[in-house]
Structures are given as C-alpha cells and as structure tokens.
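Q: The structure's right below; bear with me while I get my questions together.
No value in this document is a laboratory result; all are computed from the given coordinates. Just so we're clear, the structure is a prediction, and the values are computed from it rather than from any experiment. Please note: Cβ atoms are built from the backbone with ideal geometry, for glycine as well, and neighbour counts cover all protein chains shown.
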Amino acid sequence: MYLMYVTCSGTDESTDIKGLINLMKKYYFAEIGVQVSDKQSPKGGARLEWIHDLVHELKAADRTINAALHVNQGWVEQMCRGIVVPELEELIELKSVDGQPFFSRIQLNFKLGRDDVSPNCADTLVTLQRHLNRQFILSFNESNERLVRELYLKGLRFDCLYDSSFGKGILPDFRKKPAFTHIVQGYAGGIDPQNVTSELDKIACAIKNSPSCGVFYIDAEKGLQGNDGHLSLEKCETYLMQARQWYLSHGDADVLF
C-alpha cells in the first residue's frame, strides 16, 4: 500500500502562509486543498490574492508543495460544459518554482441532482482534461456513480474520492472497496486528528484484497477546523503526524521517508 497524499482541505485567506509552508515541509505527503468558485473567490477577492501570495512566498523560499484546486458551484458547472472562466484559468496556469503546475490536481465538486450538469458532460470533461493536461479528482457516490463510471470507460484520467456525505464531514459506517482499478483511491468524510489512525485501518482493510493498484490518499476538512470555523494548523500537524506514524508501520514508507 502506498499512501500518496494526506490532504488538508480548507486552506484559505485565513491560513497563515509562513506557518503553512513550515508545516508542509515537514511532511512530504502533505497536500493542501483550496476551495474556489464564483462565490468563494471572485475577481479581486481575498482568496485569489492569498493564493498568489502563497505561490510568491514559496518561490521566494525555493520550495514546492502538493496542492489541489477544489472547484465548486458555478465554476464547476461551467467546466462540465467545457468553459473555464478567466479567473479559474489563471489559477490553473500558476507555476511552482520548478516550472510545474502549482495545482497538480483539480477536484470537480459537482453532484448530479444539485448542479445543472449538461447531458454531454462526459465527452466534454474528457476533452477539457486533454486541454488542461491535469489530473482530475471526482467524487464517487450514489448521485454521481453512473456518470463517473461512464467517464472511466471513456478514458478520463481521474483520482476517485469516496465521500458519501459529499463534503459534509460525516463519518461513514464503513469504507468502500475500490470501484475501479489502476487509479488512485481517495477517502474522505469525518476524518479528524483523533480518528485518522482507526480510519486508515478501515481503509487498509477495504483496499487490501481489492484489484486496485493499492495507491490511496485521505482528505479531511471539517475535522481540521478550529473553534473559529477556519483551518487549524495545529490540528493539521496532529493529523499529519498520526498519519505518518500509521504509514511507517503499515505502508511502503521507504518510498516517502
């Protein structure tokens, strides 16, 4: 088993940039997840400015980090029609100090029944991915299962995120076995610094005898929030430390450490 990322979602303009960079350099499998949308990150808004400041600070420090762009609301609906608005395109085109894309993964947070996703969404996203040359993350749940399977058969390259609560941070009764082979399997929903070890045990059992490639990641957001409702770097530190300790005992730890 190979734990590819331990994702801290919800980094935003309230997150201290220097503190975040110092934390990320301690854990090489750590990834940040930044939520963006037409409402969350309007042109000239604080979130877009914070993202640019983060990229600038990393370049000044000659450092890189793992980062995923989580696209929501109107922007994700437009992407499902093949439209990338200028503000989003600018974020996608951001480069790290090594010249590679700053956001190596793009999570499309659409949910059928909630979002107005076009009927030709599958063909559109396959074409869009070729244009963007970026790895997508798709949520696999009861609402989206049929479309995600269609995308898989059409050759879309994506990491599959299992989160039955779809971003609400609710712990599931059990962790799903991988639905696909030869792709990265992601697990979210109710993970926090206190239960990350036991949840990793459940995930390991789910993927142990599956035909998947054994590469997986975990993603937490609500469980990392402090009393003020914003991401807590202290909780992130505990979450990452616990995940590393688990991985040293259970995974192909020599790959990362």
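Q: Do any trypsin sites (Lys or Arg not before Pro) in the range 40-146 lie in a DSSP loop with no more than 12 other beta carbon atoms within 10 Å, and if so, which?
A: Counting only loop positions with at most 12 other Cβ atoms within 10 Å, the trypsin sites (Lys or Arg not before Pro) in the range 40-146 are Lys43, Arg114.
Q: Oh, and also: In the neighborhood of Met79, defined by Cβ-to-Cβ distances under 13 Å, what is the net charge if each Lys or Arg adds +1 and each Asp or Glu adds -1?
A: Value of the local net charge: -4.
Q: Can you give the Rg to Rh ratio of the range 99-251, both from alpha-carbon atoms, with Rh computed by the Kirkwood formula?
A: When Rh is taken as the Kirkwood radius, the ratio is 0.97.
Q: Measure up Lys95/Lys202; Lys111/Lys235; Lys26/Lys111; Lys111/Lys208; Lys43/Lys168; Lys176/Lys235 against 32 Å on the Cα-Cα distance and list the ones that go over.
A: Violating the 32 Å Cα-Cα cut-off are Lys95/Lys202; Lys26/Lys111.
Q: Have a look at Ala46, Ala60, Ala220 and tell me which one the Gaussian network model of the chain (Cα, springs below 10 Å) gives the largest fluctuation.
A: Highest fluctuation of the listed residues: Ala60.
Q: Taking the Cα centre of the chain as origin, work out the dipole magnitude from +1 charges on Lys and Arg Cβ and -1 charges on Asp and Glu Cβ, in debye rounded to 20.
A: Here the chain has a charge dipole of around 640 debye.
Q: Which one of Pro42, Asn120, His131 has its Cα pushed farthest toward the positive end of the charge dipole of the chain, where Lys and Arg give +1 and Asp and Glu give -1 at the Cβ?
A: Of the options given, the answer is Asn120.
Q: Same structure, new question: Below 8 Å, C-alpha to C-alpha, sequence gap of six or more: please give me the relative contact order for the range 2-255 in percent.
A: Taking the mean separation of contacting Cα pairs over the length of the range 2-255, I get 20 percent.
Q: Further question on the same structure: Which value in deg cm²/dmol, rounded to the nearest 500, describes the helix-derived mean residue ellipticity at 222 nm for the chain, given -39,500 (n - 2.57) per DSSP H run of n ≥ 4 and division by the residue count?
A: -10500 deg cm²/dmol
Q: Out of Met79, Met241, Met24, any idea which swings most in a Gaussian network model of the chain, alpha carbons joined below 10 Å?
A: Looking only at Met79, Met241, Met24, the largest GNM fluctuation is found for Met241.
Q: Next question, about the same structure. Only sites in a loop by DSSP and with at most 15 other Cβ atoms within 10 Å count here; which GluC sites (Glu not before Pro) in the range 17-108 make the cut?
A: Glu93
Q: Using the C-alpha gyration tensor of the chain, what are the square roots of 5 times its eigenvalues, in whole angstrom, with the largest one first?
A: For the chain, the semi-axes come out at 25, 24, 17 Å.
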